[in-house]
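The values are calculated or read from the model by the stated rules, or taken from the named source; none is laboratory data. Note that the structure is a prediction, hence the values are computed from the model and not measured. Here the Cβ positions follow ideal geometry from the backbone for every residue, glycine too, while neighbour counts run over all protein chains shown. For the accessible areas, the whole protein counts, side chains as well, though only heavy atoms, and no ligand, DNA or RNA atoms are used. Shrake-Rupley method; radii C 1.70, N 1.55, O 1.52, S 1.80 Å.
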Amino acid sequence: MKGTWSPFDRDQDSPFIRTNTDEDGNLHHYDPLTGKRWVEDAEGRWTNETDGRGHTSFTETETTDRGNSWESERESTRGEGGGRREYGESWSTERDFDENVGSRAKDVLDQVQSEPFVKSRAETEVSAAVLRGEAGDESLGASGELLSAEAGADAAAGIDATRGAYAEANAHAGAYLGKGEAHFATDSGTAGEVSAYLGGEANAEAQAQIGPGGASISAGADAFVGGKAEAGISQDIGDYGSVGVGGSVSYGIGAEANVDAEASWDRIGFSGEVGLTLGLGASLDFDVSISPKEIIGSLNPFD
């Protein structure tokens, strides 16, 4: 889940992983910290994973050439053992623009421009859970934890050609008897999420930037002990922007306040959330976004 870390989340790219290649070109990885083992096909078509708790999963990747530089990929995961079962499916479609020299030149230029001239960052994150699990994918999925705790903080500042000058800082801590979430997203641009927990947590964050693309600020803080459930839904309205609405109900003691604002030629938007809980409580949030560029363009009498 977002904002948490577990030693069992280590993968093939984590520090201290030992890797060997067999005579067929397959990669064999071993993690001495968790006992996990992975075997990867030389051509990236499948991965077999065994963790130190008796759970084994097999992931198969199938790539299909759709013609005209379009390519689709399907990834399927099945696993069992160690007191749990695992199931996952994901699909993606993308187009290769390598034949377009102009596009490649622009990509390289964008990457160079996005590299910060000055950058400094520090972060730390710890968490633990007696039981943690997840199922599904980005289109439809859910995850949950029992008897978990987490804490973390990070800060960053810098100057780059894309954002200009920026600074940001975040901190959070929490302890939970249980927490979970479920989400969905459709091809038509509709997305929604529901989450709930029983425990206590505190969060604080602030961000600011100003540069060639415009200016934006955001800040927020909240603290709460008790039970809480949140839900939200949004709809993409194409070139003109997006709209969204959400809310929460809770029982306990807490308070929260958040505000975000952005101003640029491509987007003017603001959103906010306020809430107070003393026993049974509730909160309200709003989100409005428009594109001045697209609105003015739609009024062009010569179109």
Report task. Report the label-to-label distance for Ile159 and Ala263 in nanometres (one decimal), using points 7 Å from each Cα along the Cα→Cβ vector. Result -> 2.3 nm
**Report entry** Förster-model FRET efficiency, 35 Å R0, Ala171 and Tyr87, C-beta, rounded to 0.05
**Finding:** 0.50
**Report entry** Tensor-based shape of segment 7-89 (alpha-carbon gyration tensor, a/c under 1.5 rounded, otherwise prolate or oblate)
**Finding:** oblate
Query raised in the report: Taking all pairs of different Cα atoms in segment 155-230, averaging 1/r and flipping that mean, what Kirkwood radius in angstroms comes out?
Result: 15.2 Å
Requested in this report: On the full set of protein chains, 1.4 Å probe, figure out the accessible area of Phe270 and give it in Å² to the nearest 10.
Outcome: 110 Å²
Query raised in the report: Label point 7 Å out from Ser139 along Cα-to-Cβ: which residues of segment 29-60 have amide N under 19 Å?
Result: 59-60
Query raised in the report: Ala219 to Ala206: extension gain in nm, 0.36 nm per residue of separation minus the Cα-Cα distance?
Result: 4.3 nm
Report summary line: GluC sites (Glu not before Pro) in segment 7-89 lying in a DSSP loop, each with at most 14 other Cβ atoms within 10 Å of its Cβ, come to Glu23, Glu43
Report task. Note the full-extension length gain between Glu125 and Leu198 as 0.36 nm times their separation in residues minus their Cα-Cα distance, in nm to one decimal. Result -> 24.2 nm
